[in-house]
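Chemist: The following block contains the structure, expressed as structure tokens.
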Amino acid sequence: MLTKIRFGDYEGYGEASMPPYLGESHETAAAFYRKLNLAQFNDPMRMEEIIDYVDNIAPGNHAAKCSIDIALHDLVGKMLNEPWYRLWGFSKEKTPSTSFTIGIDSPEKVKEKTREAAGFNILKIKLGRGTDKEIIEAVRSVTDVPVCVDVNQGWKDKNEALDMVHFLNENGCVFVEQPMPKDQPDDVAWLTENSPLPIMADEAVQDFADIKKVYGVYSGVNIKLEKCGGLRHAHMMMDAARALDMKVMIGCMTATSCAVTAGAQLSPFVDWADLDGNLLIKNDVFEGLKVEKGKIVLPDAPGIGVKKISDIGLV
Ligand code: MG
């Protein structure tokens, strides 16, 4: 769902991408927006107050809130004529490479997808369905670029998980995302303590308040705007994770360049970025971040840095 906030001659764009497992939909987001009255604020620069108001309209609704938060950031950045990476004090040159995702498939298909992903400096390999070693061997038969893996809670036994982590460590893997179910924190804490690789939380961490749940259990957090409610909360999570000496990763949902470019504004400050969601769709209505030689290139444009290239969905 795309949103637009208008103030005077300025327009800010936002997006809520809603994967079904997080429980939001067009219906829940539309119901949430019907409760909002942003016209009561006469100055978009009062961002803290506005976002606090939006947060307190109803619990949950993180993606719907995220869409408002992104649009507000876009609007304010345009009013100030600066991109957010500059307003936050980040260097454009320090953007990381983004990983490109290779989904679960037969070893032959994985080889083919890996060949197609030539040009990316790091690949994110989805694992967790019992064919993990075959998949990694298929990737390694084609390329030796670094990989990270996302197990999506797929490993249930901690000893087997540790064996796999050692195997991955010997095969050029840089971190392991959500190896075990989020409701097995004791097993994950044991794995993290014994693992030669950082163990990152994804499903186990949603918003700012969850940082305290994953501290001491995981090495770091995968922050996504749609999970936490937008840029303001994502920035707060990054600061909290850094203060606790945890690794920081920025991820995204399958989305247009709007949400992905917004997330990319924070990317100069992360350890790893997984911002390929806009590359996985064919109906993008925005132009924003680019990936050159595998590295994220932020646009020279104010706000979140996107340009609308189609009116579809944004009347
Ligand atoms: Mg994940």
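The values are calculated or read from the model by the stated rules, or taken from the named source; none is laboratory data. All values reported here derive from a predicted model rather than from experimental measurement. Don't worry about glycine lacking a Cβ; one is built from the backbone with ideal geometry, like all the others, and counts go over all protein chains shown. Note: accessible area is taken over every heavy atom of the protein model, side chains too, but ligands, DNA and RNA are not part of it. Shrake-Rupley method; radii C 1.70, N 1.55, O 1.52, S 1.80 Å.
Chemist: Which pairs in the list K109/K295; K113/K227; K113/K133; K126/K182; K133/K227 are over 21 Å apart, alpha-carbon to alpha-carbon? Don't skip to the answer; put the middle values down first.
Modeler: Details: K109/K295 25 Å; K113/K227 28 Å; K113/K133 17 Å; K126/K182 17 Å; K133/K227 30 Å.
Over 21 Å apart, Cα to Cα: K109/K295; K113/K227; K133/K227.
Chemist: On to the next question. Most mobile of D207, D150, D245 per a Gaussian network model of the chain (Cα springs, under 10 Å)?
Modeler: It is D245.
Chemist: Could you check what % of the DSSP bridge pairs in the chain are antiparallel, to the nearest 5? If you can, show how the numbers build up before the last one.
Modeler: Details: 12 of 36 bridges.
Expressed as a percentage, antiparallel bridges in the chain total about 35.
Chemist: Scale the Cα Rg of segment 1-47 by the rule-of-thumb value 2.2 N^0.38 Å and send over the ratio, two decimals. If you can, show how the numbers build up before the last one.
Modeler: Values: Rg = 12.8 Å, N = 47, 2.2 N^0.38 = 9.5 Å.
That works out to 1.35 for segment 1-47.
Chemist: For segment 171-315, max minus min Cα coordinate along each principal axis, in Å, sorted largest first?
Modeler: 50, 35, 25
Chemist: Enumerate the whole-percent occupancy of each 10 Å bin, from 0 to the last occupied one, for all C-alpha pair distances of segment 201-267.
Modeler: 24, 58, 17, 1
Chemist: Please list the radius of gyration and Dmax for segment 1-149, considering alpha-carbon atoms only, with Å as the unit.
Modeler: According to the Cα coordinates of segment 1-149, Rg and Dmax are 20.8, 60 Å.
Chemist: Largest first, please: the extent of the C-alpha atoms of segment 97-151 along each principal axis, to the nearest Å.
Modeler: Extents along the principal axes, in whole Å: 29, 19, 15.
Chemist: Per residue, how many Å² of accessible area does the chain show with a 1.4 Å probe?
Modeler: Working: 13840 Å² over 315 residues.
I get 44 Å² per residue for the chain.
Chemist: Here's another thing I want to ask about it. What residues qualify as long-range amide H neighbours of C148, i.e. H under 5 Å apart, gap of 5 or more or another chain, H built at 1.01 Å from N?
Modeler: Under 5 Å from the amide H of C148 lie the amide H atoms of L123, K124, I125, V174, each far enough along the sequence or on another chain.
Chemist: Could you list the square roots of 5 times each eigenvalue of the Cα gyration tensor of the chain, that is, the equivalent ellipsoid semi-axes, sorted largest first and rounded to whole Å? All intermediate terms of the calculation are to be shown ahead of the outcome.
Modeler: Details: eigenvalues 227, 92, 60 Å².
Semi-axes (√(5λ), whole Å): 34, 21, 17.
Chemist: Where a Cα-Cα gap under 17 Å defines reach, which aspartates and glutamates qualify for K111, not counting those fewer than 8 residues away within the same chain?
Modeler: Answer for K111, where 17 Å is the Cα cut-off: D132, E134, E137, D144, listed by chain and number.
Chemist: Any idea what the dipole of the chain comes to, in debye rounded to 20, about its Cα centre with Lys/Arg Cβ at +1 and Asp/Glu Cβ at -1? Walk me through the numbers before you get to the answer.
Modeler: Working: 35 positive and 47 negative charges, 119 e Å.
The calculated dipole for the chain is roughly 580 debye.
Chemist: Tell me which trypsin sites (Lys or Arg not before Pro) from segment 100-129 have a DSSP coil assignment and no more than 12 other beta carbons within 10 Å of their own. Spell out each step's value before the answer.
Modeler: Details: sites: K109, K111, K113, R115, K124, K126, R129; in loops: R129.
Filter output for segment 100-129: R129.
Chemist: Report ³J(HN,Hα) in whole Hz for each residue of segment 90-106, in order, from the Karplus equation J = 6.51 cos²θ - 1.76 cosθ + 1.60 where θ = phi - 60°; Gly and Pro get x.
Modeler: Using θ = phi - 60°, the values come out as 8, 9, 4, 5, 8, 4, x, 6, 9, 6, 10, 8, 10, x, 5, 6, 5 Hz.
Chemist: Still on this structure: Translational diffusion coefficient of segment 20-90 at 20 °C, 1.002 mPa s, Stokes-Einstein with Kirkwood Rh over Cα pairs, in µm²/s as a whole number.
Modeler: On the way: Rh = 13.3 Å.
Roughly 161 µm²/s, to the nearest whole number.
Chemist: How large, in percent, is the carbon and sulfur part of the accessible surface of the chain at a probe radius of 1.4 Å? Let's see the in-between values first.
Modeler: Numbers: 6870 of 13840 Å².
That fraction is 50 percent.
Chemist: Over what distance in Å are the Cα centres of segment 112-129 and segment 260-315 separated?
Modeler: 20 Å
Chemist: Taking only C-alpha pairs under 8 Å that are 6+ residues apart, what is the relative contact order of the chain in percent?
Modeler: Details: 663 pairs, mean separation 64.6, N = 315.
So the answer I get is 21 percent.
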